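Before any comments, here is the structure.
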Amino acid sequence: MDFSSALPTFIITLREGVEAALVVGIVLALLKKAKRTKLNPWVYAGVVVGLLASALVGILFGWIIQFLGTSNQQYTPVIEPLLEAVFGVAAIVMLSWMLIWMTQQARTLKAQVEGAVASALKDDAAAGWGVFSLILIAVLREGFETVLFIVAKFQQGSIPAIGALSGIAVAAGIGVLLFKWGIKIDIRRFFQIMGVLLLLIVAGLVVSSMGDFDEAVRSLSQMNRESESLCFYYERFAKNPSCILGPMVWNATQVLPQDKFPGIILHTLFGYPDKLYIVQAVGYLLFLITIGGIYFRSLGSKNPVSTRNGNIPSSAAEKSIRS
C-alpha cells in the first residue's frame, strides 16, 4: 500500500490543526483565568462537532462525485478529471487565502480570541453557546480547507484521509504540550516552515489541476468529433503537445518517473510531473511569484500594535495566559 499520498494532507492538517489548537488552548486558558471552567465542555463539544461536520462535508462531496461519475458512464473520463480540477481550484483559493490571512493575523490572534470570549461571557445564559460557536467556526474553517484538498485528490482513495487524521492527532498533541504541560515550542518558526511547505504543496496543486483540465478536454475531444478542434491548435507548432497546455517543457519519464520512488514522493507532495508543459510551468511560476511574494512580505512586515483596537503584543498575550 502506497502511503505517499498521505503526506500532503498530513502537512496541511497539521498546520491548520495547530491553528485550531491555538484557538482552543487560548479559550481554555481564558476560561480558567475567568474562573469559568464549567464552560470547558462547550469547548470540547465545539471541537467534536466541528470535526464531525468537516467529515460529513467530505462524505457529501465524495457522494456527489461518485453520483456524477456513475450517472453518465459515457462521460466518466471527462467528469472525473474535471471535478478534480474544479475542487483543486477551490482548494488553491482557500489554502492560499488562509496561508496569507493567518500569517497577517497571527500577531493579534490572542487579542481577537480574547475579545470574542469576553463578549460571549457577558451573557451568562448564552455564554456556553457563544464559546461553542467560536470553537466550532475555528475547527470548521480549518477542516473545510483540508476536506477540499482531499476531495481534489479523491482518486487516491482513503490514504489522504489517513494523513489528515494523523495530522489532527499530532496537532492535538502539540496543543497539549503547549497549554497543558507548558512546554515551550517556537510556534512562529513552526508556522514559517509549515507555511513554506504549504506554499509548495499548493503550487504543485496548480500544476496538477491544470493537468486535470487538460485530461478532461482531451477525453472530450476523443469522444466527440465536434470537439476535436479543442486539441488542434498546438499540433501545428510543436511535437508531442498537450491538448490545452502547449508544448512540452521537459520529459523526465526515463530519469525521474512520477510513479516510482523518489518521484512518487515529489509528485504526491509537491505535484512534481515527469512531463511538464509550458502553460503549467508559467502557472507554477506565477503562483510562486504572486502568492509566495505576498506571503514572504507578510512574514517580514511588522504591524503596529494598537491598544485602541484591543490588540496586544504576542509576548504580553503569553504573559496574560500564564497569569
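When we screen Ala55, Ala90, Ala45, Ala111 for residues that are small (Gly, Ala, Ser) and more than 27 Å from Gly130 (Cα to Cα), the only hit is Ala90. Just one of the listed residues (Ile79, Ile65) is in contact with an Asp or Glu (Cβ under 9 Å, 6 or more places away or on another chain) and either assigned to a helix (DSSP H, G or I) or basic (Lys, Arg) (or both), and it is Ile65. Regarding Ser242, is this residue at pLDDT below 70 and either touching a Gly at 6+ places or on another chain (Cβ under 6 Å) or of a type in the set (Gly, Ala, Ser) (or both)? When the stated conditions are applied, Ser242 does not pass them.
With respect to the conditions (1) at pLDDT 85 or above; (2) not in a helix (DSSP H, G or I), Asp124 lacks only one, and its number is (1). For Glu84, indicate whether it is assigned to a helix (DSSP H, G or I), of a type in the set (Asp, Glu), open to solvent by less than 40 Å² (accessible area, probe 1.4 Å) and closer than 30 Å to Ala118 by Cα. Answer is no for this residue. Residue selection: Asn303 fails the criterion of being over 21 Å from the mean Cα position of the chain (by Cα), under 30 Å from Leu28 (Cβ atoms), at pLDDT below 85 and open to solvent by less than 40 Å² (accessible area, probe 1.4 Å). Go through the range 133-186 residue by residue and tally those that are surrounded by fewer than 17 Cβ atoms within 10 Å (Cβ to Cβ) and part of a loop (DSSP other than H, G, I, E, B). Final tally of qualifying residues: 9. Scanning the range 21-53 for residues that are under 17 Å from the mean Cα position of the chain (by Cα), open to solvent by 10 Å² or more (accessible area, probe 1.4 Å) and within 15 Å of Val147 (Cα to Cα) turns up Leu51, Ala53. Within the range 175-192, residues that are farther than 12 Å from Ala29 by Cα have Cβ atoms under 8 Å from residues that are basic (Lys, Arg) and open to solvent by less than 50 Å² (accessible area, probe 1.4 Å) in these pairs: Phe191/Arg15, counting only partners at least 6 apart in sequence or on another chain. Taking the conditions (1) more than 17 Å from the chain's Cα centre (by Cα); (2) exposed (fewer than 14 other Cβ atoms within 10 Å of the Cβ); (3) assigned to a helix (DSSP H, G or I) in turn, Trp101 satisfies each one other than (1). Are any residues in the range 45-77 at pLDDT 85 or above and among the β-branched types (Val, Ile, Thr), and if so, which ones? Those that are at pLDDT 85 or above and among the β-branched types (Val, Ile, Thr): Val47, Val48, Val49, Val57, Ile59.
Using beta carbons and a limit of 6 Å, which pairs, at least six apart or on different chains, have the first residue in the range 260-284 and closer than 12 Å to Ile201 by Cβ and the second one open to solvent by less than 20 Å² (accessible area, probe 1.4 Å) and at pLDDT below 90? Short answer, once both residue conditions are applied: Thr268/Ser4; Thr268/Ser5; Leu269/Pro8.
The values are calculated or read from the model by the stated rules, or taken from the named source; none is laboratory data. Note that the structure is predicted; figures quoted are calculated from it, not measured. Every residue, glycine among them, receives a Cβ derived from its backbone with ideal geometry; neighbour counts consider all protein chains shown. Note: areas computed on protein heavy atoms with side chains; ligands, DNA, RNA excluded. Shrake-Rupley method; radii C 1.70, N 1.55, O 1.52, S 1.80 Å.
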